[in-house]
1. Roughly what % of Cα-Cα distances in the stretch 4-96 sit above 16 Å, to the whole percent?
2. TRP200: accessible area at probe 1.4 Å, nearest 10 Å²?
3. Starting from a Cα-only point model with no solvent, please compute log10 I(q)/I(0) by Debye for the stretch 427-521 at q = 0.15 1/Å.
4. Quick one: with all protein chains in place, what share of the accessible area of the stretch 4-53 is carbon or sulfur, to the nearest percent (1.4 Å probe)?
5. Work the Kirkwood hydrodynamic radius out for the stretch 585-695: mean of 1/r over every pair of different alpha-carbon atoms, inverted, in Å.
6. For the stretch 457-510, what does the convex hull of the Cα positions come to per residue, in cubic angstrom?
7. Return one whole number: the accessible area per residue of the stretch 4-53 in Å², for a 1.4 Å probe.
8. What list of ³J(HN,Hα) values in whole Hz, one per residue of the stretch 483-498 in order, does the Karplus curve 6.51 cos²θ - 1.76 cosθ + 1.60 (θ = phi - 60°) give from phi, with Gly and Pro shown as x?
Amino acid sequence: MTCANCVNSVEGILKKLPGVKGAVVALATSLGEVEYVPSAISKDEIVQAIEDAGFEAAFLQSSEQDKILLGLIGLHTERDVEVLHDILKKMDGLRQFDVNTVLSEVEIVFDPEAVGLRSIVDKIEMGSNGWLKAHVQNPYTRGASNDAQEASKMLNLLRSSLFLSIPVFFIRMVCPSIPFLSTLLSMHCGPFLMGDLLKWILVSIVQFVVGKRFYVAAYRALRHGSTNMDVLVVLGTTASYVYSVCALLYGAFTGFRPPVYFETSAMIITFVLFGKYLEVLAKGKTSDAIKKLVELVPSTALLVLKDKEGKHVGEREIDALLVQPGDVLKVLPGSKVPADGVVVWGTSHVNESMITGESAPVPKEVSSVVIGGTINLHGILHIQATKVGSGTVLSQIISLVETAQMSKAPIQKFADYVASIFVPIVITLSIVTFSVWFLCGWLGAYPNSWVAENSNCFVFSLMFAISVVVIACPCALGLATPTAVMVATGIGANHGVLVKGGDALERAQNVNYVVFDKTGTLTQGKAVVTTAKVFSGMDLGDFLTLVASAEASSEHPLAKAVLDYAFHFHFFGKLPSSKDGIEQRKDEVLSQWLLEAEDFSAVPGKGVQCSINGKHVLVGNRTLITENGVTIPPEAESFLVDLESNAKTGILVAYDGDFVGLMGITDPLKREAAVVVEGLKKLGVHPVMLTGDNWRTAQAVAKEVGIEDVRAEVMPAGKADVVRSLQKDGSIVAMVGDGINDSPALAAADVGMAIGGGTDIAIEAADYVLVRNNLEDVITAIDLSRKTFSRIRWNYFFAMAYNVVAIPVAAGALFPFTGLQMPPWLAGACMAFSSVSVVCSSLLLRRYRKPRLTTVLQITVE
């Protein structure tokens with residue numbers, strides 16, 4: 001594919017196929033994603049339809065969980081194929097298989113419940129006595145090899161074209177000034193001059209052998225009712241070639257030899273191929289981010305072998321793609337963790353910077369979670385794999401980046417529209433150019449001195465017309481947006497900011513409001529009880545036991561804080577010192593110490609209620625207590641107001657209809673919160689805080705962080721309504737939340753930013769995922785978006801300005817005043833370099849650096 005029109009053609013063809021539900025095609029990555037019904041159409045038919053349209057296509061991967069493509073080493077003869085068929089037929093759990101002997105591949109449909117992928121690979125090797133070796137085909141490796149083949153093919157064509165075009169250029173430009181060669185080339189060979197005959201032969205090979213790809217692509221495009229860059233190249237070069245052949249034959253049979261322009265078509269094809277080769281190389285650079293992420297995954301893993309009693313009996317090196325959930329893997333110091341899992345033995349430190357962006361090594365011990373692709377630094381670890389394949393954090397990051405690169409930003413619609421009308425307009429301009437110059441010459445409107453002695457006004461006009469066709473470049477417009485979005489999403493991933501698409505990237509540049517959830521977003525999400533006070537005759541220990549028993553069934557972060565406080569009050573200093581011992585005893589003690597809570601229910605945004613010892617218990621905020629008709633004593637009310645004024649949340653407790661006591665809980669602010677809020681104000685963005693907490697606590701926290709606009713006592717369902725109210729005047733609203741109870745608001749916002757520690761990154765509602773759980777990345781996301789779309793606008797300016805300036809110059813608009821005429825071969829060179837310049841402009845985004853808060857806030861550090 002060369003331009004936006006090619007993309008539209010392929011998408012149009014795919015969407016018309018029976019059984020195809022949807023199709024998205026990306027120019028910058030040369031990838032397509034097709035959603036189809038397997039019973040109605042096969043993947044081979046989809047590939048064939050694309051190839052019939054004039055493009056080359058190859059299947060890379062399928063999302064089907066029970067289908068796998070295995071590469072085979074040792075599959076050479078018919079006997080090998082028979083052996084493979086016998087092995088697969090005898091295997092339990094296989095539904096069907098299809099062997100491709102040309103590519104040495106086998107596609108297998110299997111039942112994952114009945115047979116594992118590793119056992120399929122092992123049985124193929126064992127059944128053939130080691131002669132056949134199967135391995136899982138990595139789609140990224142195949143994609144990289146396809147890119148390398150494309151670059152290699154383009155380089156070979158360029159070399160061939162150069163090898164043939166340089167002699168043609170030499171015969172035309174250099175030989176006439178060397179007497180011996182000039183005499184030799186002026187010799188007759190039948191009715192033709194030796195020089196002209198040599199040029200004809202060499203250029204014919206360039207035109208129809210090297211340039212065959214342009215003819216094939218142009219024919220197929222026209223057959224499907226579309227036009228592209230290949231049509232323009234074929235028109236320009238064929239016009240020059242056909243004219244030169246006619247002039248040569250005319251001269252041979254009449255004796256009057258008009259000038260021939262064989263070198264024009266040869267040089268145009270050479271320059272276009274050179275431009276395409278540079279473009280392929282540059283486009284390869286734009287996908288470096290994906291390649292770096294893929295390279296994080298180790299190729300092999302050390303599987304720990306155990307006997308039936310669970311004893312360690314040995315180790316075996318396996319392909320990392322064959323790791324299954326439940327496998328115990330050995331991770332050596334300095335090696336990469338092969339899959340997401342849990343440490344079952346050993347202690348070490350792991351470098352997780354490539355996933356979370358945090359540079360400090362993270363300590364790991366038994367029960368610690370590890371992420372695939374991270375590096376084990378010191379000790380040996382045994383980990384049990386929990387997530388493999390597409391379920392791992394790294395795979396989901398790669399998937400998000402790929403999805404973003406496949407998506408189209410709304411600004412791309414402009415390029416698609418221009419591309420659809422570009423080629424017909426250029427051909428019309430070329431015909432007009434020829435007609436005007438020819439008619440003016442025929443009517444004597446310009447002096448004969450403008451036309452070369454051995455030429456005429458027809459040839460003079462034709463050269464202008466060919467230059468117009470060849471210099472016009474629709475490719476640059478088509479590449480302006482996708483290449484920039486591709487580089488930006490990759491850069492974002494490297495900085496822990498995952499963008500889900502070009503449309504999200506485009507919206508983020510114009511954000512007017514950033515709405516922050518309080519708990520877990522502005523605060524650390526680690527609530528701590530600071531105060532517990534009883535306002536009845538109940539003992540403090542009994543009060544804490546009552547509250548802990550009620551909160552034990554709740555999943556709210558505040559409930560965990562209450563449980564921990566009560567536990568430490570009762571058992572501090574009475575448990576073993578080791579961490580494993582504490583956790584084990586804590587579980588045992590909790591089951592014996594807590595009272596049994598019946599009829600438990602959580603009241604969203606208010607608290608919990610249950611029955612203990614047959615009496616009704618309420619634990620929650622002021623609203624829950626008063627709604628149930630419980631009176632809060634004045635001294636408790638005064639104490640509560642004091643707590644809330646100091647940014648603490650009050651938890652009130654009622655037992656059997658009477659107020660018992662309250663607890664003060666604080667959730668510390670993230671250290672960067674206040675600075676980020678100030679930074680957003682400097683960027684012209686209005687920060688808003690949203691919380692279900694009471695007004696006093698909310699305003700105390702907002703004052704500490706520097707936010708004036710506060711929305712408090714908002715229920716989870718009401719958060720989306722707050723976002724919509726801000727959007728009413730057309731403002732662009734970004735919502736930053738932890739993605740649990742914030743998902744309706746994240747979905748309602750123009751830009752949803754889910755902030756998390758990098759383990760639950762597949763948050764459906766958000767447009768951005770901030771992996772590092774750091775608020776500074778909100779500024780990075782907005783800044784990256786602004787820089788990217790500034791670059792896209794420059795790309796469009798280059799592409800449009802090039803065509804607006806170049807086409808009139810090629811048409812000879814300056815010739816009457818300056819005598820400046822652009823020969824067609826030079827027009828071809830300009831066209832080739834215009835698309836390369838746009839890709840290189842997008843590549844400048846790779847120099848992007850995160851904005852430093854000191855720079856944003858204009859703080860001078862001494």
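1. For the stretch 4-96, the fraction of Cα-Cα distances above 16 Å is 64 percent.
2. Accessible area of TRP200: about 60 Å².
3. Those come out to -0.74, one per q.
4. Looking at the stretch 4-53 in its full context, I get 51 percent from C and S.
5. Value: 16.7 Å, from the Cα pair sum.
6. 91 Å³
7. Accessible surface, normalised per residue, equals 47 Å².
8. The phi angles translate into 5, 5, 4, 4, 5, 5, 5, x, 4, x, 4, 5, 9, x, 10, 9 Hz.
The values are calculated or read from the model by the stated rules, or taken from the named source; none is laboratory data. Everything numeric here is computed off the predicted structure, so don't read it as measured data. With ideal geometry, Cβ positions are generated from the backbone for all residues, glycine too; neighbour counts draw on all protein chains shown. The protein model used for the area step is the full one, side chains on, heavy atoms only, and it has no ligands, DNA or RNA in it. Shrake-Rupley method; radii C 1.70, N 1.55, O 1.52, S 1.80 Å.
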